[in-house]
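Written below as structure tokens is the structure these notes are about.
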Amino acid sequence: LPVEQRLAQYIIEGTKQGLVEDLNEVLSRGDEPLEIINGPLMSGMSEVGRLFNDNQLIVAEVLQSAEAMKAAVAHLEPLMEKSAQKSVKGKVLLATVKGDVHDIGKNLVDIILTNNGYDVVDLGIKVTSQQIIDAVRTHSPSVIGLSGLLVKSAQQMVLTAQDLKQADINLPIMVGGAALSRKFTDFKIAPEYEGTVLYAKDAMDGLSLANTLHD
Ligand code: B1M
């Protein structure tokens with residue numbers, strides 16, 4: 001198999017044997033870490049999603065795929081471009097919402113923002129509104145970033161926005177994750193909140209949006 005297909009295959013099969021060697025092969029020919037993630041690794045993960053949806057994979061197998069993806073990202077992360085700028089552009093509070101354990105996308109957002117001048121406070125997974133409210137008080141972020149992949153997480157974001165509003169918080173919120181869309185953000189989350197609500201389709205889009213907020 002060509003190396004791109006082998007890379008996707010590690011994710012699909014949830015195996016790490018040979019992964020680092022193949023990552024080094026594409027790196028040595030000049031591929032950028034983020035290209036590798038967004039290309040072959042993400043295409044492997046999409047296939048995992050498809051197979052899982054078709055009941056051809058079980059949760060335990062998908063977990064192995066997630067482990068392989070995390071190992072690949074961990075190998076690439078130190079090689080990613082980092083902005084040289086010393087001053088911090090802003091502070092982002094990041095969380096996967098209550099009820100949701102998916103964190104690969106959130107962690108990518110963390111890496112991209114951190115590498116590009118943001119101070120990121122990662123609250124982890126299954127984060128309740130109250131935890132976010134407490135963290136806003138403790139850390140005084142300039143943006144709140146919410147990630148969620150389940151359909152019910154989209155609904156959870158609406159509730160989170162309501163809870164934040166109740167707590168008199170109106171910082172910009174940035175949301176992302178597979179079950180969301182700009183439409184959902186505009187029509188379901190934004191009306192429940194005083195502050196700006198932005199939808200990011202991927203981690204780089206998240207960085208651009210954060211930059212527009214901190215200009
Ligand atoms: Co789950 N899972 N999963 N899963 N899983 C999905 C999401 C699903 C679509 C698969 C499917 O059926 N086709 C489906 C959801 C269906 C739905 O809600 N309609 C699903 C399901 C059903 C479940 C369980 C319920 C399964 C079960 O137990 N029966 C369960 C839920 C557990 C829970 O959360 N309570 C579950 C569990 C798991 C694992 C634990 C096994 C594992 C997660 C491991 C982990 O994250 N540590 C897992 C995985 C890996 C997936 C799929 C296959 C891949 C997700 C992923 O990591 N993608 C996923 C299928 C899919 O998404 N197509 C699926 C790669 C990642 C980089 O992409 O997170 O989308 P993503 O992030 C992107 C953008 O969305 C964006 O940037 C990233 C790229 O640059 N982004 C942001 C994300 N957050 C952002 C925040 C931002 C900005 C951008 O700003 C704040």
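Numbers for the structure displayed
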{"item": "Virtual spin-label span in nm between Ser83 and Glu47, 7 Å along Cα→Cβ", "result": "3.6 nm"}
{"item": "Loop-exposed GluC sites (Glu not before Pro) per DSSP, neighbour cap 14 Cβ within 10 angstrom, longest uninterrupted part of the chain", "result": "82-193"}
{"item": "Computed accessible area, Ser83, all protein chains, 1.4 angstrom probe, square angstrom", "result": "50 Å²"}
{"item": "Percent of Cα-Cα distances greater than 21 Å, calculated over the stretch 99-215", "result": "29 percent"}
{"item": "Stretch gain in nm, segment Arg29-Val158, where the contour uses 0.36 nm per residue and the Cα spacing is subtracted", "result": "42.0 nm"}
{"item": "Amide hydrogen neighbours beyond the local backbone of Val120, cut-off 5 Å, H modeled", "result": "Val92"}
{"item": "Ellipsoid semi-axes in whole angstrom, largest first, where each is sqrt(5λ) of the Cα gyration tensor of the stretch 94-158", "result": "19, 15, 8"}
{"item": "Spacing of the two label points (7 Å from each Cα toward its C-beta) at Leu1 and Thr138, in nm", "result": "4.2 nm"}
{"item": "Carbon/sulfur fraction of accessible area - the chain, other protein chains in place, 1.4 Å, %", "result": "52 percent"}
{"item": "Within the chain: Cβ-based charge dipole about Cα centre, in debye rounded to nearest 20 (Lys, Arg +1; Asp, Glu -1)", "result": "560 debye"}
{"item": "Amide H partners (placed H, <5 Å) of Leu198, local residues excluded", "result": "Ile173, Met174, Val175"}
{"item": "Distant alpha-carbon pairs in the stretch 27-145 (separation over 18 angstrom), percent", "result": "61 percent"}
{"item": "Average accessible surface area per residue within the stretch 64-215, 1.4 Å rolling probe, Å²", "result": "48 Å²"}
{"item": "Whole-Hz ³J(HN,Hα) from phi, Karplus 6.51 cos²θ - 1.76 cosθ + 1.60, for the stretch 4-15, glycine and proline x", "result": "4, 5, 5, 4, 4, 5, 4, 5, 4, 7, x, 10"}
{"item": "Residues with amide H under 5 Å from that of Leu180, placed H, sequence gap 5 or more", "result": "none"}
{"item": "Gain in span if fully extended, Asn38 to Ala74, counting 0.36 nm per residue against the direct Cα distance", "result": "11.5 nm"}
{"item": "Over the chain: Kirkwood hydrodynamic radius from C-alpha pairwise inverse distances, Å", "result": "18.0 Å"}
{"item": "Karplus-derived 3J(HN,Hα), 6.51/-1.76/1.60, for each residue of the stretch 38-51, Hz, glycine and proline x", "result": "5, x, x, 5, 5, 5, x, 5, 5, 5, 4, x, 5, 5"}
{"item": "3J(HN,Hα) from dihedral phi, the stretch 116-131, Karplus parametrisation 6.51/-1.76/1.60, rounded to Hz, x for glycine, proline", "result": "10, x, 9, 8, 10, 9, 8, 8, x, 10, 6, 8, 7, 4, 4, 4"}
{"item": "Too-long pairs where the Cα-Cα distance tops 18 Å, listed order kept, from Lys98/Lys183; Lys106/Lys126; Lys126/Lys201; Lys106/Lys201; Lys16/Lys70; Lys152/Lys188", "result": "Lys98/Lys183; Lys126/Lys201"}
{"item": "Residue-span extension gain [Lys201 to Ala178] - 0.36 nm each, minus C-alpha spacing", "result": "7.4 nm"}
{"item": "In nm, spacing of pseudo-spin labels at Asn211 and Ile58 (7 Å Cα→C-beta vector)", "result": "4.6 nm"}
{"item": "Mean ellipticity per residue at 222 nm, deg cm²/dmol - from DSSP H runs of n ≥ 4 across the chain, formula -39500 (n - 2.57)", "result": "-15000 deg cm²/dmol"}
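The values are calculated or read from the model by the stated rules, or taken from the named source; none is laboratory data. Everything quoted here is computed from the prediction, not taken from an experiment. Here Cβ is always computed from backbone atoms with ideal geometry, including for glycine, and neighbour counts include all displayed protein chains. These area figures cover heavy atoms from the full protein model, side chains too; ligands, DNA and RNA do not enter into them. Shrake-Rupley method; radii C 1.70, N 1.55, O 1.52, S 1.80 Å.
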